[in-house]
Each structure stands twice: as structure tokens, then as C-alpha cells.
Amino acid sequence: MRILVTGGAGFLGSHLIDRLMAQGHEVVCLDNFYTGTKRNILKWLDNPYFELIRHDITEPIRLEVDQIYHLACPASPIHYQYNPVKTIKTNVIGTMNMLGLAKRVKARFFLASTSEVYGDPDVHPQTEDYRGNVNCIGIRSCYDEGKRVAETLSFDYHRQNGVDIRVVRIFNTYGPRMLENDGRVVSNFIAQALRNQPLTVYGDGSQTRSFCYVSDLVEGFIRLMNSDQIGPMNLGNPGEYTILELAEKIQNMINPGAEIIFKPLPEDDPKQRQPDITRAKTWLGWEPTVPLDRGLELTVKDFRDRFEGNKD
Ligand code: NAD
Ligand code: UDP
């Protein structure tokens with residue numbers, strides 16, 4: 001198949017491309033390189049079955065493809081809050097352009113949505129039928145309301161135009177190739193511990209998150225895309241940790257002498273988050289296989305290699 005991956009030069013997109021290329025597909029990667037980098041897809045650049053297009057999805061584009069994995073959107077708060085209006089345009093106009101493309105060429109369309117659609121949840125763990133607790137005027141709303149509209153658009157194109165959709169709600173995912181200056185918690189703690197800087201815990205560190213290793217997530221993407229289910233479907237690892245526990249784990253793993261310091265909690269920071277993955281288990285037979293300790297080891301190795309300049 002010829003498969004389009006928007007945001008393919010980013011963290012998740014590039015891992016997905018590795019899997020799709022290994023499966024023998026033709027892949028078109030579309031990215032504006034806002035947070036993505038050519039380094040992530042370097043190994044495919046000379047492959048005749050791989051095409052890279054520098055393009056901003058807020059502009060329409062004409063392509064002929066069979067499937068579209070739509071991932072283009074900055075995912076980390078510091079990046080999506082840098083230009084919030086642009087983040088909304090990417091989620092709304094960009095998603096509309098990609099759905100329009102899917103409609104024109106009758107491609108199956110996969111939306112990378114997020115657990116952020118649940119906001120600061122008052123249902124725990126979060127099931128897909130929970131409608132969320134989102135502040136529509138807060139500093140995270142460009143992203144979480146943007147993704148909520150992206151889901152609405154997907155379902156409306158499905159109902160109105162018969163577009164074949166798949167919607168996945170991704171919970172915090174980590175792994176090699178995360179940007180070291182990304183501002184997300186796993187990459188921050190690893191980079192800080194390796195540089196012998198204090199690990200910055202926001203608030204008192206009692207807020208929780210559940211961390212999924214990237215290879216597990218990509219397996220879930222491919223299974224959902226090629227199943228008969230449209231979603232929405234949670235994909236994430238139900239193992240739930242406080243942020244302080246995570247800091248201590250990474251401190252012990254890399255640098256027991258590193259200090260842990262506390263900084264103010266950002267506005268609207270969700271207090272707890274854990275996916276209910278019953279749907280993914282029963283519909284796809286999917287569940288995560290990589291434990292946090294193992295996933296962190298692999299991520300730390302990648303950061304060390306990059307810091308030591310061992311990689312191109
Ligand atoms: P990332 O920032 O590494 O990747 C996003 C990619 O999209 C980058 O390559 C960026 O350059 C590109 N992009 C951004 N705006 C664009 C635009 N207007 N036009 C073209 N390209 C554009 O982030 P990621 O972690 O790989 O996330 C990928 C997707 O998964 C995002 O949609 C994100 O919302 C979603 N998601 C990720 C997580 C996670 O934990 N990583 C959690 C929930 C949802
Ligand atoms: N966080 C932290 N220190 C950091 C970066 C993040 O304590 O250096 C916290 C953040 O406040 C949040 C959690 O870690 O409670 C996860 O943050 P991240 O930005 O990775 O993901 P999200 O909040 O989008 O789930």
C-alpha cells in the first residue's frame with residue numbers, strides 16, 4: 001500500500017514509518033519540521049519506496065494514497081503553547097485538509113488523538129465513553145480542544161461523507177528519539193540526570209501519569225488501522241506512577257547523586273491519568289508488553305548515545 005504519515009519526522013511518526021517500511025509499504029512522509037527532524041528518518045531518505053515532502057498541513061495538498069496516519073501536531077506543552085493559534089489551525093484546518101484528502105482518494109484515515117481530550121479527569125481510570133473535564137479557555141485548550149474538534153471532524157466526515165476513520169486516544173508515550181529539549185517529563189528527567197542537573201518536579205509530584213513505550217504504541221496503531229473498529233480507542237500502558245516516583249526511578253537508574261527540586265505546577269495540569277484499555281484488549285487483542293524499567297533503559301541508552309555524539 002501507499003501510506004501517508006503526517007508528522008512522520010516526529011517522535012511517534014518516525015517509529016511508525018520504521019514499521020511500515022519494514023512491512024514493505026510505500027511511505028510518504030509529510031512534515032513541516034516544526035518539532036520533527038530529518039535525523040529521525042535519515043535511514044529511509046535514499047530508499048525508492050520512501051518520499052519526504054516538506055509541507056504544512058494547514059495548506060491543502062493533492063496526493064494519491066491508500067491510508068493516512070494523521071499525526072502532525074506538536075505534542076509537548078512547551079511546543080504547542082509557543083504559538084497556540086497555530087496549534088489550533090494545525091488541529092482544525094490541518095485535520096480538515098487531511099480528511100478532505102481521505103475523502104477525495106477514498107483512503108482510510110487514522111487520527112492520533114490524545115488522552116488530553118479527558119482534560120483533568122474526574123473519572124479514573126479513563127474509559128472511552130467518559131466525556132472529559134476540559135477548560136476551554138485555559139493554556140492547554142489550544143491542544144486539548146483542538147484534538148476534540150479533530151475527533152468531531154473525523155466522525156462528521158465519517159457520517160456525512162463515508163470516510164473510513166480510525167481514532168486513537170494516545171496516553172503519555174516515551175522512547176528513543178524524544179527531543180531532549182521537549183519539556184516532557186521523561187525526556188526532561190533523563191536529560192537532567194545525565195547532565196548532572198537537578199530533576200525538576202512540578203508541584204509536589206503527587207500527580208500521576210501512565211507511560212507507554214513507543215514500540216507497544218506503534219503495534220496498537222497498526223492493529224487498529226487494519227481492524228474493523230473505528231474507535232475512539234485508548235492506547236496506553238495502565239501502569240500508573242506519581243511524577244515523584246518517576247523522578248526517583250530515573251535518579252536511581254542514571255545518577256543517584258542527582259538532586260530533585262520542586263517547581264510550580266503549570267496551570268490546568270491534570271492530577272491523574274490512567275487508561276482503561278479494555279476496548280483495545282477485547283477488540284484488538286492488544287496490550288503493552290514493555291515494562292517501564294526496560295523502556296527507560298532503552299530510552300536512556302538513546303539519550304546517552306546522542307549526548308556522546310555517537311549517532312548521526
Ligand atoms: P512530535 O512533536 O515529535 O511530532 C509531531 C510532528 O508533526 C513533528 O514532526 C512536527 O514537525 C510535525 N508538525 C507539527 N505541525 C505541523 C504542521 N502544521 N504541518 C506539518 N507537520 C507538522 O510529537 P509526537 O510525540 O510524535 O506526537 C505525534 C502525534 O501523537 C501528535 O498528533 C500528538 O498530539 C499525538 N500524541 C502524542 C503523545 C505522546 O505521548 N507522544 C500523546 C498523545 C497524543
Ligand atoms: N513534569 C514535571 N517536571 C518536568 C516536566 C513535566 O514534573 O520537568 C510534570 C508535568 O507537570 C505533568 C507530568 O510531569 O504533571 C507530565 O508532563 P508532560 O508534559 O510529560 O505530559 P502531559 O502533562 O501532557 O501529560
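Read the figures in this text as sums done on the coordinates, not as results from a lab. Note that this is a predicted model, so its numbers are computed, not measured. Using ideal geometry, Cβ is built from the backbone for each residue, glycine included, and neighbour counts are taken over all protein chains shown.
Observations, loosely collected:
- Percent of alpha-carbon pairs separated by more than 17 Å within segment 84-227: 69 percent
- Looking at segment 163-258 alone, DSSP beta bridges between its own residues are antiparallel in about 40 percent of cases.
- The helix-only estimate of mean residue ellipticity at 222 nm for the chain, built from DSSP H runs of length n ≥ 4 each weighted as -39500 (n - 2.57), is -10000 deg cm²/dmol after division by the residue total.
- Gyration tensor (alpha-carbon) shape descriptor, segment 1-112, a/c threshold 1.5: oblate
- Three-way shape label, segment 185-240, alpha-carbon gyration tensor, a/c 1.5: prolate
- Close amide-amide hydrogen proximity is noted between Thr173 and Cys212, each under 5 Å apart and 5 or more residues distant or on a separate chain (H modeled in the peptide plane; Pro and chain starts excluded).
- For segment 10-16, Karplus couplings with θ = phi - 60° (6.51, -1.76, 1.60), whole Hz, Gly/Pro x: x, 4, 5, x, 5, 5, 4
- Cβ crowding within 10 Å, taken as a proxy for footprinting-reagent exposure, orders Asp305, Asp129 from fewest neighbours to most as Asp129, Asp305.
- Translational diffusion of the chain, µm² s⁻¹ [Kirkwood Rh, Cα pairs; Stokes-Einstein; 37 °C; 0.692 mPa s]: 166 µm²/s
- Proxy reagent accessibility, fewest Cβ within 10 Å first, across Phe307, Phe221: Phe307, Phe221
- Summing Cβ point charges (Lys, Arg +1; Asp, Glu -1) relative to the Cα centre of segment 1-126 gives a dipole of roughly 300 debye.
- Placed amide H near Gly231: partners under 5 Å, 5+ positions off or other chain: Val167
- In this structure, the amide hydrogen of Leu265, modeled 1.01 Å from its nitrogen in the peptide plane, lies closer than 5 angstrom to those of Gly203, counting only residues at least 5 positions away or on a different chain.
- Total lysine pairs whose alpha carbons fall under 14 Å of each other in the chain (8 or more apart, or interchain): 5
- Within segment 177-312: Cβ-based charge dipole about Cα centre, in debye rounded to nearest 20 (Lys, Arg +1; Asp, Glu -1): 140 debye
- Centre separation in Å (Cα based) which lies between segment 234-312 and segment 56-73: 30 Å
- Residue-wise HN-Hα couplings along segment 125-140, as the Karplus relation 6.51 cos²θ - 1.76 cosθ + 1.60 with θ = phi - 60° gives them from phi, are x, 8, 9, 5, 7, 6, 8, x, 9, 10, 8, 6, 10, x, 6, 8 Hz; Gly and Pro carry x.
- The ranking of Ile17, Ile170 by Cβ neighbour count inside 10 Å, starting from the fewest, reads Ile170, Ile17.
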